[in-house]
């Protein structure tokens, strides 16, 4: 583990095995940390905070730009390690490293000149300041599907704001997170610390530590609810980016030459293991037959295989239990009347690895698991709608609210879509595009808080109002000052 600028072992002596989901073989081990390592990391971060918070913004920007430079320098090695641990194709992981570096560059720049603002005062002798200050030690708990990028969405703004970090990586992809220390070793000791281990032990110890006022987490809704319960007694600031069940509406005027590959991309990127993956597809009835035939043919042409090979489109799912969940949802749908147009099984030509064929389902019911519960796998359930009113209602028929997509040229549809659909991010004619300057987050069971943009920086800054009267004169609205003055003069 990386604590106070040094590599350390865990006191328990236990380790966590890391699997390659393509070969199903163990490719490494990391220490199984405990509350002892968490406390050691928090103490190091707390000491570092007393210095780091006062580092000028320009200098902190230089530190963050150097992180970005080192990440780009190590792009190939990091991408390969991401592929070995997580199963996402190498070409996608190269993109992730690039996006991660760009995020550090972005927050280096916006963090260097943003401290607060001056607001109008009611008296000429007064000055009112709104200051944005760091909280202290931030606990960052990151997932396995984008372990570098979603780390950056937390760590970069938190550091730019003047906080220090204790990072807990996922036990699925901890090796890449530990490689990250090589891009952070120029930071003062204790500014960023990395503690590996199970969520039940390391994660819970971090969430309940009294010297960690902020927890930033990306993961399942169930885990986010548990974090909220643990943190509630201490009234911690929580930033929770949780599950999703994103809808995709294909209107009657959509160009299917664009919509078919676009929907497939939105549903199958990283094998559907993206929090904003399209998991419910609603197609206007007039296009239904053509769309379903075309997208089934399209996904049949995708190549499953070794994620290190450049020709591979889809690698394995990250773990066997994730594949089993996908299989249960598809089986539930089929048993209740859904039809499989393509996929719906493990590929026979790939007996090794946690593979599952991209699956297109039709005749799906709105109460099937595949339409209600987060799938996090390569499944495209498709239903028809007749009116745009119906499409909007169907998109909102969920407890989640992370993102939603629309294909149309109809400006009235677009306006209604972004005004009426309850989701944190709305994509129109260009699915799953991120923008470092655009805030990202959900509503409802998809969590609280925002990442990216200025909003992402503010998640890690506490607001303080300073009211300064530099004249130090009595005010006429106080209790009778003249009487007080006479009594003082009489007494003297």
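Annotation: for a label point projected 7 angstrom from Cα along Cα→Cβ of residue 303, residues of region 88-121 with backbone N closer than 14 Å are 89-92.
Take 464-474, 78-88 and order them by the average number of nearby Cβ atoms within 10 Å per residue, most first; the result is 78-88, 464-474.
Where both bridge residues fall in the chain, DSSP classifies roughly 40% of the beta bridges as antiparallel. For the pair residue 469 and residue 489 in one chain, pulling the backbone fully straight at 0.36 nm per residue adds 4.6 nm over the alpha carbon distance. What separates the Cα centres of region 277-313 and region 336-352 is a distance of 13 Å.
If one takes the longest principal axis of the Cα atoms in the chain, at what angle in degrees, from 0 to 90 and to the nearest 10, does the Cα axis of helix 411-420 lie? So the helix axis and the longest Cα principal axis differ by about 60 degrees. For the chain, the direction-averaged projected area of the alpha-carbon convex hull comes to 29.0 nm². Once the Cα-Cα distance is subtracted from the 0.36 nm per residue extended length, the residue 426 to residue 95 segment shows a gain of 116.9 nm. Rg over Rh for region 59-197 works out to 1.09, using Cα positions for both radii and the Kirkwood form for Rh.
Arranged from fewest to most other beta-carbon atoms within 10 Å of their beta carbon, 356, 63, 479 become 479, 63, 356. Remark: 293, 164, 276 ranked as 293, 276, 164, counting other beta-carbon atoms within 10 Å and listing the fewest first. Translational diffusion of region 359-492, estimated by Stokes-Einstein from the Kirkwood radius over alpha carbon pairs at 37 °C in a medium of 0.692 mPa s, is 165 µm² per second. Here region 103-176 carries DSSP beta bridges of which approximately 45% are antiparallel, counting only pairs with both residues inside.
Here the label points at residue 59 and residue 286, each 7 Å from Cα along the C-beta direction, are separated by 6.5 nm in the simple model.
Sorted from longest to shortest, the spans of the Cα atoms of region 1-144 along the three principal axes equal 72, 38, 23 Å.
Averaging the sequence gap over all C-alpha pairs within less than 8 Å and six or more residues apart, then dividing by the number of residues, gives region 1-145 a relative contact order of 20 percent. The C-alpha atoms of the chain define a longest principal axis, and helix 320-335 lies at about 60 degrees to it. Within region 7-23, find all residues whose amide N lies under 20 Å from a label point positioned 7 Å from the Cα of residue 36 along Cα-to-beta-carbon. Within reach of a label on residue 36: 7-17. Taking the C-alpha atoms only, the angle from helix 221-231 to the longest principal axis of the chain is near 20 degrees.
Taking all Cα pairs closer than 8 Å and separated by 6 or more residues, the relative contact order of the chain comes to 18 percent.
Remark on region 246-428: hydrodynamic radius 16.4 angstrom, per the Kirkwood mean of 1/r across alpha carbon pairs.
So, R0 is 51 Å and r is the distance between the beta-carbons of residue 122 and residue 387; what FRET efficiency does that work out to, to 0.05? The calculated FRET efficiency here is 0.40. Per-residue ellipticity at 222 nm computed for the chain from its helices equals -11500 deg cm²/dmol, with DSSP H segments shorter than 4 residues left out and the rest contributing -39,500 (n - 2.57).
Throughout, read-outs are computed from the coordinates displayed, never taken from laboratory work. The shown structure was predicted, so the numbers you read here are calculated from the model rather than taken from an experiment. Positions of Cβ are backbone-derived with ideal geometry, glycine not excepted, and every protein chain shown enters the neighbour counts.
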